[in-house]
Amino acid sequence: MSRPATGVDRPAGPAGVTVAMLHTVPALAAPLAELAAEVRPDARILHFVDESLLQDTIAAGGPPPHVLRRVAAYAAYAEESGAGTLLVTCSSIGEAAERARPFAALPILRIDEPMAEQAVREGARIGVLATLATTLGPTTRAVQRAAARREAEREVVPRLCEGAFEALRAGDAARHDTLVLDGFRELAAKVDVVVLAQASMARIVGEAGGGVPVLSSPRSGVAQLAQA
């Protein structure tokens, strides 16, 4: 079900700062709002939730043109609501967010861009782990572009945990977690750092060890709001 919506977590601070987030997974709104409260305690946070953006992206194998148009529309909604920044929290539509920037009057941020920059600083062989092909590709390319900006030679090793997303969607969380852990352990043995394309995997690999840094997007992505 798609449900575009807005929610205000707390009133605007003395400076009247307002920032907006665009989610494709409703459950992300609350934890990201908590992180935003640490970064910008003075700010009012607006949430736009539209699950169909991800559903349509998965069905098309990547963001179709109408997803780009709708991201630009959400940026317009955010501006009309008084926001000065829109943070897109879904990596699968991150490239659509980038392409929407020229059509928006306010900055559109990708939640995974700082993670990609950090990965390039961490090592020469960078693993990218995902449960969705539509997230694996954009995150891999984000890391490659970050390396190009730094003029750094980096090898990116993508790893798709096949069947994990389908298992989770079918309600088999245990199977999902097993597949993610297997993928992580295999990848960690080959690289200097592992990037989690989906923040939901962080709870699984956090205690798995592996001997390499493991990066996820929520905290560093929300930290961008400090300058919003």
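For region 111-228, please list each of the helices (runs of 4 or more DSSP H) lying entirely inside it that holds at least 2 residues being outside the structural domain of residue 24 (by TED's automatic domain parsing), under 23 Å from residue 87 (Cβ atoms) and among the charged types (D, E, K, R).
Details: elements: 113-122, 133-149, 164-169, 173-188, 202-205, 218-222.
So the answer is 113-122, 133-149.
Quick test of your reading of the structure: residue 109 fulfils all but one of (1) within 19 Å of residue 228 (Cβ to Cβ); (2) without any contact (Cβ under 8 Å) to a residue 24 or more places away in the chain. Name the failing condition by number.
All conditions are met except number (2).
Please enumerate the residues belonging to region 80-98 that are buried (at least 22 other Cβ atoms within 10 Å of the Cβ) and in contact with a Leu (Cβ under 7 Å, 6 or more places away or on another chain).
Within region 80-98, 83, 85, 86, 87, 88, 89, 90, 92, 93, 96 meet the criteria.
Do any residues in region 29-50 that are within 17 Å of residue 91 (Cα to Cα) have Cβ atoms under 7 Å from those of residues that are among the polar types (S, T, N, Q) and outside any strand (DSSP E or B), where the two are at least six apart or on different chains, and which pairs are they?
32/89; 47/6; 48/6; 50/2; 50/24
Which one of 170, 142 is aliphatic (A, V, I, L, M) and free of Cβ contacts under 8 Å to residues at least 12 places away in the same chain?
Details: 142 fails: free of Cβ contacts under 8 Å to residues at least 12 places away in the same chain.
Criteria check complete, one pass: 170.
Scanning region 38-55 for residues that are within 15 Å of residue 223 (Cα to Cα) and in contact with a helix residue (DSSP H, G or I) (Cβ under 6 Å, 6 or more places away or on another chain), which turns out surrounded by the most Cβ atoms within 10 Å (Cβ to Cβ)?
Among those residues, the one meeting the criterion is 45.
Does residue 116 count as at pLDDT 95 or above, of a type in the set (Gly, Ala, Ser) and crowded, with 21+ Cβ neighbours inside 10 Å?
Spelling it out, residue 116 is indeed at pLDDT 95 or above, of a type in the set (Gly, Ala, Ser) and crowded, with 21+ Cβ neighbours inside 10 Å.
Residue by residue, here is whether (1) over 14 Å from the mean Cα position of the chain (by Cα); (2) surrounded by fewer than 20 Cβ atoms within 10 Å (Cβ to Cβ); (3) more than 19 Å from residue 218 (Cβ to Cβ) holds:
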{"site": "78", "(1), (2), (3)": "yes, no, yes"}
{"site": "109", "(1), (2), (3)": "no, no, no"}
{"site": "135", "(1), (2), (3)": "no, no, no"}
{"site": "145", "(1), (2), (3)": "yes, yes, yes"}
{"site": "152", "(1), (2), (3)": "yes, yes, yes"}
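With the requirement that a residue be buried (at least 19 other Cβ atoms within 10 Å of the Cβ) and under 21 Å from residue 195 (Cβ atoms), what does region 161-172 give you? So that I can check it myself, show each step before the final result.
The initial filter retains those residues of region 161-172 that are buried (at least 19 other Cβ atoms within 10 Å of the Cβ), namely 161, 164-165, 167.
If the condition is that a residue be buried (at least 19 other Cβ atoms within 10 Å of the Cβ) and under 21 Å from residue 195 (Cβ atoms), then 161, 164, 165 are the ones that fit.
The values are calculated or read from the model by the stated rules, or taken from the named source; none is laboratory data. Please read these numbers as outputs of a predicted model, since none were measured by experiment. Positions of Cβ are backbone-derived with ideal geometry, glycine not excepted, and every protein chain shown enters the neighbour counts.
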